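Single-structure report; data block below.
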Amino acid sequence: MAAKQEYARIFYQIEILIISLLIRQRNWEYEPLSLTSYSSDENLLKINTKVDRLGRSEYAFSMTLDWNYDVDKDTMVEADVYHCSSGDEDDYKMMPWSIPKQPFFEYLNGFYKDAFIKNVGHCSNMVQFEGDFVPPWPRNVYKLDKCVASGEGLPDIAPEGFFKLEYKMTGQVDWGFTLIVKVSPKVI
């Protein structure tokens, strides 16, 4: 009888461990719907973006940044995230997940390193570094090729619906992109 109780206790502990691991995982998945971009001077920064269809229900995104300018202390980054349940442009409301306007090098040592690279480092030639970034930012043709973001560094829980991310860089050239995704509960 004692052996049965011990097995039951061990089984119960394993169940608790599995449940706690599942709870810690991201509870959502996404489908990119559109990715648009702009640049105020394509001689300094040319950006091309697209959503790629990988299979029947698999999607990714691709981006090329032809970066031909030097980033300085006046180069700023910001991003706003909006959500709505309908997908209607007039229904979007700002979420608290925005990146406040900040100097580019501050952004690199924060969100870029902690979340952006963790999601697209595997499918791009974007700069990766340990510790703090040491300028200058290299001029280069950066390519993100059929990226499927894992969600690492992003919120574990997200409401179902449509999200719009507006990413903006200002300075010597103003450029950015808008990504719209549909978020649904993750099937476990």
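The numbers here are math on the coordinates, done by the rules we state, and not lab data. Model, not experiment: these values are computed from the prediction. Glycine also receives a Cβ, built like all others from the backbone with ideal geometry; neighbour counts cover every protein chain displayed.
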Fill in the blank from the handout: Amide H neighbours of GLU29 at under 5 Å, excluding residues fewer than 5 places away on the same chain, with H built from the backbone geometry, are SER184, LYS186
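Based on the Cα atoms of segment 33-166, what semi-axes does the equivalent ellipsoid have, where each is the square root of 5 times one gyration tensor eigenvalue, given in whole Å with the largest first?
In descending order, the three semi-axes are 25, 18, 16 Å.
Sorted by mean Cβ packing within 10 Å, highest first, what order do the peptides 29-36, 89-96 take?
Ranking the peptides 29-36, 89-96 by packing returns 29-36, 89-96.
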Completion exercise
Contour minus Cα-Cα span, THR170 to ASN27, at 0.36 nm per residue, comes to 48.1 nm
Exercise for the section: Determine the gain in length on full extension of the stretch ASN109-VAL187; use 0.36 nm per residue of separation and subtract their C-alpha separation, reporting nm with one decimal. Expected result: 24.7 nm
Completion exercise
If amide H atoms are modeled at 1.01 Å from N in the peptide plane, then the residues at a separation of 5 or more from LEU45, or on another chain, having amide H under 5 Å from its own are ASN68
Practice task
Report, in whole Å, the centroid distance computed from the Cα atoms of segment 63-93 and segment 121-188.
Solution key: 10
Handout entry: Most to least packed among 49-60, 114-125 [average Cβ atoms within 10 Å]
Key = 114-125, 49-60
Problem - Average Cα contact separation per residue, segment 28-185, under 8 Å, 6 or more apart, as relative contact order % - result: 35
Practice task
Would you kindly calculate the mean projected area, averaged across all directions, of the convex hull enclosing the Cα atoms of segment 90-156, in square nanometres?
Solution key: 6.4
Practice task
Beyond 30 Å between alpha-carbons counts as too far, so tell me which of LYS73/LYS143; LYS73/LYS186; LYS73/LYS182 fall in that bin.
Solution key: LYS73/LYS186; LYS73/LYS182
